[in-house]
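The values are calculated or read from the model by the stated rules, or taken from the named source; none is laboratory data. Everything quoted here is computed from the prediction, not taken from an experiment. All Cβ positions, even for glycine, are placed from backbone atoms using ideal geometry, and neighbour counts span all protein chains on display.
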Amino acid sequence: MDKRLIPVVILVIASISACTPWRAVKPTDWVRSASDRDDSRCRLAAASSSVISIRNFDDAEYAFQDPDVAVVDFIGGDNECGDVSALQMERFRARSDKSKPARIVLAWLNVGRAENLRINWFADTPEGKCTPSVMSKIDLEIGDDASIDFTHPGWLVTMAEGDKSYIRRIVDLGFDGVVLGGIDAVRGEDGQVVPEKAQAMFDLVKAISVAAREKDPDFMVVATDPLALSEIEGSMDVLSGVLTTDLIMQEGYFKPEPELTPVLETLNTFRDAGIPVISAEFIIDPIQQTLYQNLCARMGYLCFITNPDFSGPGLAVQAGNGGSCE
């Protein structure tokens, strides 16, 4: 090597090191646990790519990336409940590379609050049909109705009780599992977790998991904002995986090391318990994207570079938790 290049190489190495605020966090190996959730966890841990597409599903881009895991909206069909059709489920499951394992398809479900972008339903009626719920107005211009959330008396019924509840319909559609969004509803205006709300949310998550697994014992339950539930006793036993959004990055750039280190250390406690970690971040800068991919590979996370509001396919990162069902 030309000796004149040595200072340049040293500078590049130093720059890369300075841009890796996760360097103080020691990676952990994903270890298969003895939990009842073991089979679903190992399938999720064995995946190496994921796509989250809640809005504007793109068949061509989806087929091109051919992810191992897909998180999609289960609303958007033309049946009485508005659920996706069997044909749409075939689209979600279709793999470009037929030699790869079957794709894991997870349904996105906001359990924290009512959304005016979708209809909320009563769980059941005497006629056995879905009926629009009085819990949520349908007005696309006013945004989400923050006054109606998981503390509403009818929320548990709509989410988990009866054959027409959200979770029963998701299971019947053939989804492998569900990603529970809206967990952050347990946080106050200051962003801190309210213990009473966290316990109530966990009770809801547990009820959803019980209702689903009565029909499908291997049904996956993945929670967003896992840090909000990490202190609740029993949370590790219920979850098949955790999904974080906007937790590692801030406005498209890595959080400072003092903020990022405890976040990664907490995520690694889930991996230590055999619970796979999925991360989704909105990143535009190509250098930050590369660094994020490096983080995912080093820490062993299943990662996805998303668009705002999960609109469109985004970019699947080739990384994963390094697990296996063997």
Mind telling me which of the residues Pro195, Pro153 ends up being within 21 Å of Leu243 (Cα to Cα) and surrounded by fewer than 15 Cβ atoms within 10 Å (Cβ to Cβ)? Pro195
Would you check which residues across segment 52-96 are outside any loop (DSSP other than H, G, I, E, B), out of contact with any strand residue (DSSP E or B) (no Cβ under 8 Å at 6 or more places or on another chain), modelled with pLDDT of 80 or more and of a type outside the set (Lys, Arg) and list them? Phe64, Ala86, Leu87, Gln88, Glu90
Against the conditions (1) among the β-branched types (Val, Ile, Thr); (2) modelled with pLDDT under 95; (3) within 22 Å of the chain's Cα centre (by Cα), where does Ile208 fall short? Just the number, please. (2)
Filter segment 214-239 for residues that are farther than 22 Å from Pro262 by Cα and crowded, with 19+ Cβ neighbours inside 10 Å; the one that is modelled with the lowest pLDDT is Val238
For segment 169-214, the count of residues that are closer than 18 Å to Gly76 by Cβ and part of a helix (DSSP H, G or I) equals 5
Checking the structure you have, find out if any residue of segment 284-293 is within 26 Å of Asp38 (Cβ to Cβ) and surrounded by 15 or more Cβ atoms within 10 Å (Cβ to Cβ). no
Which ones in segment 173-192 are of a type in the set (Gly, Ala, Ser) and crowded, with 23+ Cβ neighbours inside 10 Å? Gly177, Gly181
Among the residues of segment 157-192, count how many are under 22 Å from Val242 (Cβ atoms) and of a type outside the set (Ser, Thr, Tyr). 21
Can you name the residue in segment 135-167 that is more than 25 Å from Ile232 (Cα to Cα) and charged (D, E, K, R) and, of all such residues, is modelled with the lowest pLDDT? Asp139
Can you name the condition, by its number, that Ala102 falls short on among (1) in a loop (DSSP other than H, G, I, E, B); (2) at pLDDT 60 or above; (3) closer than 24 Å to Leu229 by Cβ? (3)
